[in-house]
Amino acid sequence: MTLEHRYRATIEYDGTDFLGYQIQAEGRTVQGEIERCLKRVTQTSVRIDGAGRTDAGVHAIGQVIAFNVTWRHTLKDLHRAFNATLPHDIIISDLRITDPAFHPRFKALSRTYQYHVINQRWPSVLQRRYTYHVQKELDVTAMNEASRLLLGSHNFASFGKPPQGHNTVRNVIEAGWSATSDTQLTFSITANAFLYRMVRTIVGTLIQVGLGRLAVSDVKDILDAQDLTRSAPPAPAHGLCLVSVAYP
């Protein structure tokens, strides 16, 4: 007997050629490609739910989706068919049957993003799609000092807009910079949820601290102002990656 199940998938994608995660009337999106793939594989129209809506150009290695589908074969067969049908810039890294009530956005406890910077004189040709090139040497110590001011529950209206409603309070669990090589820096941030462009705007502001154009104390003043015009412009999308989503 064939039964409908709810499936949970972890997906990776190179966001370079997408207009973002969420399906749109026109243009290529991650959701649109996955739903098109599911229709080819299952011969039915399927709507997927996602953990978050990444912007155009943003990448993911830990985006989580869920969908209901009737499938006559094994889970491995579905996984294999999925990846054989998806375009080259999306892959399903994990697929499993989940609880019928599971929703990747509403059940999530936190999300973790990373932003990658290459800090050297010349850009890197091979990493140009995934790192933001900053030519002048950055003061990582000052950037980390400023990052600590963001920890905890705050009104982050100075760093983004709510995707829906009016609530701009978010709880940041982790935020900090680390050097992955002599020239590469990674900013990692974990929060219960994020505002629209919040991570990129935080990164753009912290880079101004690293360049000496803002003082560490300025970041506290910007946060307290709850005014989006006070922060620096958002860093480019291509340096950002959704790394993981945590669940109970």
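The values are calculated or read from the model by the stated rules, or taken from the named source; none is laboratory data. Quick caveat, the model's predicted, so the values are computed rather than measured. Glycine gets a Cβ as well: all are built from the backbone with ideal geometry, and neighbour counts include every protein chain shown.
Exactly one residue among THR229, THR168 is closer than 19 Å to ASP55 by Cβ and at pLDDT 95 or above, and that residue is THR168.
Out of SER188, SER181, one residue alone is at pLDDT 95 or above, surrounded by fewer than 20 Cβ atoms within 10 Å (Cβ to Cβ) and closer than 19 Å to LEU138 by Cβ. It is SER188. Of all residues in segment 1-21, those being of a type outside the set (S, T, N, Q), crowded, with 19+ Cβ neighbours inside 10 Å and part of a strand (DSSP E or B) number 5. Only one of the numbered conditions (1) under 22 Å from THR190 (Cβ atoms); (2) crowded, with 17+ Cβ neighbours inside 10 Å is not met by ASP94, and that is (2). In the set (1) over 21 Å from ALA60 (Cβ atoms); (2) buried (at least 20 other Cβ atoms within 10 Å of the Cβ), the condition left unmet by HIS166 is number (2). Can you give me the ranges of the strands (runs of 3 or more DSSP E) entirely in segment 128-224 with at least 2 residues that are within 22 Å of ALA246 (Cβ to Cβ)? Answer list for segment 128-224: 152-155, 169-179, 184-191. If the condition is being farther than 27 Å from ALA193 by Cβ, touching a residue at least 60 places away in the same chain (Cβ under 8 Å) and surrounded by fewer than 18 Cβ atoms within 10 Å (Cβ to Cβ), then segment 141-163 contributes no residue at all. From HIS133, HIS116, which residue is more than 16 Å from the chain's Cα centre (by Cα) and not hydroxyl-bearing (Ser, Thr, Tyr)? One residue alone meets the criteria, HIS133.
Counting just the residues of segment 225-247 that are small (Gly, Ala, Ser) and not in a strand (DSSP E or B), which one comes out surrounded by the most Cβ atoms within 10 Å (Cβ to Cβ)? Across segment 225-247, the extreme among qualifying residues is GLY239. For the residues VAL64, VAL58, VAL30, the requirement of being touching a Pro at 6+ places or on another chain (Cβ under 8 Å) and surrounded by 17 or more Cβ atoms within 10 Å (Cβ to Cβ) singles out VAL64. Taking each residue of segment 209-236 that is in the same structural domain as LEU138 (by TED's automatic domain parsing) and looking for partners that are surrounded by fewer than 13 Cβ atoms within 10 Å (Cβ to Cβ) and modelled with pLDDT of 95 or more with beta-carbon atoms closer than 6 Å, six or more apart or interchain, yields LEU211/LYS136. Restricting ILE173, ILE202 to residues that are in contact (Cβ under 8 Å) with a residue 60 or more places away in the chain and not assigned by TED's automatic domain parsing to the domain that holds ILE61 narrows the list to ILE173. Condition first: farther than 14 Å from SER244 by Cβ, assigned to a loop (DSSP other than H, G, I, E, B) and either in contact (Cβ under 8 Å) with a residue 12 or more places away in the chain or in the same structural domain as ALA193 (by TED's automatic domain parsing) (or both). Now tell me which residues in segment 52-79 satisfy that. Matches in segment 52-79: ARG53, ASP55, ALA56, GLY57, VAL58, TRP71, ARG72.
Residues that are in contact with a Pro (Cβ under 6 Å, 6 or more places away or on another chain) and either free of Cβ contacts under 8 Å to residues at least 40 places away in the same chain or surrounded by fewer than 16 Cβ atoms within 10 Å (Cβ to Cβ) (or both) within segment 130-140 comprise just one, HIS133. So, in segment 17-49, of the ones that are over 19 Å from ARG80 (Cβ atoms) and hydroxyl-bearing (Ser, Thr, Tyr), which residue ends up farthest from the chain's Cα centre (by Cα)? Selected residue: SER45.
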